[in-house]
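One structure is given below, encoded as structure tokens.
The values are calculated or read from the model by the stated rules, or taken from the named source; none is laboratory data. Predicted model only: the values in this text are computed from it and were never measured. When we count neighbours, we look across all protein chains shown, and the Cβ atoms used for this are built from the backbone with ideal geometry, even at glycine.
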Amino acid sequence: MNEQLKANGVTVRFGGLTAVSNVSFSLKAGEIVGLIGPNGAGKTTLFSSLVGLQKLSAGEIHLDGQRIDGRRPHVIAKAGMTKTFQNTALFPGMSLLDNVMTAGLLNNTLEAARTLAHECLERVGLGADAGRNVDDLTFPQKALGEVARALAIRPRILLLDEVMAALTPLEMDKVMATLRDLRDRTGLTMVVVEHHMRAIMNLSDRLLVLNFGKLIADGLPQEVSRDPRVIEAYLGSEHAQAA
Ligand SMILES: Nc1ncnc2c1ncn2[C@@H]1O[C@H](COP(=O)(O)OP(=O)(O)OP(=O)(O)O)[C@@H](O)[C@H]1O
């Protein structure tokens, strides 16, 4: 199918503040799309609205041609779309395997959840680390552990909200290579929010840019980075640094 996800005129208002304003875009299966924009641009709110955690004030969202806005998060997860949470780490003190199993247990028996968790850890290159306590993992391993935990929901579309925030540029490169490999092997569609410009430019097939809740650009990373509206949105912002 060409359009796996379609968002039409998505709008979210908090009282007098329009956090997401008439945003329309679509996703194709297997795409990696970067969602960028200055602080407060509406990225997390848009993610939350896509997975049913935030009620829309207006607009529609269609997954595989079926309207999903207004559905509960677990229904949307079952239909194939889920998100990671900004600043939400793995559960401390538990093994990596147990962490990933917590997600798999929602729809599986204990044994099936264990098998699924091992599969998900293999997919992100952490198969050999399943038994380790998450407190002993490196930051890149923790980031990929979060991805593995989300994979246990069996999504076809995964929204990643700043999973690489704590990483050095070199660590980001490794995690990005794993994400690309994951996409190439499984066809998973990903939308990725990251503030680090070099990382998001390298990882993404396409970029969406939000500014004050409005979608101001949707295109190839090279085109978008030259777009005067995008440059203006980032001017004076710390995130304009291409570190
Ligand atoms: N529950 C809420 N109630 C009221 N205002 C909110 C709520 N959630 C977000 N906002 C506001 O909506 C706007 C968009 O916030 P959002 O967190 O979606 O932006 P963001 O692009 O993800 O920002 P950041 O890059 O800092 O994470 C901001 O002005 C924020 O203060």
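What number goes with the only condition from (1) assigned by TED's automatic domain parsing to the domain that holds T189; (2) in contact (Cβ under 8 Å) with a residue 24 or more places away in the chain that P73 does not pass?
Failing condition for P73: (2).
Within segment 52-67, which residues are surrounded by fewer than 21 Cβ atoms within 10 Å (Cβ to Cβ) and of a type in the set (A, V, I, L, M, F, W, C)?
Of everything in segment 52-67, those that are surrounded by fewer than 21 Cβ atoms within 10 Å (Cβ to Cβ) and of a type in the set (A, V, I, L, M, F, W, C) turn out to be L53, L56, A58.
Filter segment 196-217 down to residues that are without any contact (Cβ under 8 Å) to a residue 60 or more places away in the chain and over 19 Å from G42 (Cα atoms) and give me whichever is farthest from the ligand (Cβ to nearest atom).
Residue satisfying both the conditions and the ranking: N202.
Inside segment 1-34, can you point out the residues that are over 12 Å from K214 (Cα atoms) and within 11 Å of the ligand (Cβ to nearest atom)?
Scanning segment 1-34 gives R13, F14, G15, G16, L17.
Every residue, every condition in (1) in contact with a Gly (Cβ under 8 Å, 6 or more places away or on another chain); (2) small (G, A, S), yes or no:
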position: N2; (1), (2): no, no
position: L5; (1), (2): no, no
position: G9; (1), (2): yes, yes
position: V12; (1), (2): yes, no
position: S21; (1), (2): yes, yes
position: A58; (1), (2): yes, yes
position: R67; (1), (2): no, no
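Go through segment 41-61 residue by residue and tally those that are assigned to a loop (DSSP other than H, G, I, E, B) and in contact (Cβ under 8 Å) with a residue 40 or more places away in the chain.
Final tally of qualifying residues: 7.
Take the residues in segment 160-175 that are over 20 Å from T82 (Cβ atoms) and not charged (D, E, K, R), then tell me which one is nearest to the ligand (Cβ to nearest atom).
My answer is A166.
Mind checking which pairs have a first residue in segment 162-180 that is assigned to a loop (DSSP other than H, G, I, E, B) and a second that is of a type in the set (F, W, Y), Cβ under 6 Å, 6 or more apart or different chains?
Close Cβ pairs (under 6 Å, with a partner that is of a type in the set (F, W, Y)) amount to A166/F139; L167/F139.
List the residue pairs whose Cβ atoms are under 6 Å apart, where the first residue sits in segment 88-110 and is closer than 22 Å to D161 by Cα, the second is loosely packed, with under 15 Cβ neighbours inside 10 Å, and the two are 6 or more positions apart or on different chains.
As it stands, the answer is P92/D135; N99/F91, since those pairs meet every condition given.
For D129, indicate whether it is among the charged types (D, E, K, R), at pLDDT 95 or above and outside the structural domain of K6 (by TED's automatic domain parsing).
So D129 passes the test.
Being closer than 26 Å to S49 by Cα and either of a type in the set (S, T, Y) or part of a helix (DSSP H, G or I) (or both) is the filter here; which residues of segment 102-119 pass it?
T102, A103, G104 - these are the residues of segment 102-119 that are closer than 26 Å to S49 by Cα and either of a type in the set (S, T, Y) or part of a helix (DSSP H, G or I) (or both).
Go through segment 181-205 and give me each residue that's within 23 Å of G80 (Cβ to Cβ) and in contact with a Phe, Trp or Tyr (Cβ under 9 Å, 6 or more places away or on another chain).
Answer for segment 181-205, where residues must be within 23 Å of G80 (Cβ to Cβ) and in contact with a Phe, Trp or Tyr (Cβ under 9 Å, 6 or more places away or on another chain): V191, V193.
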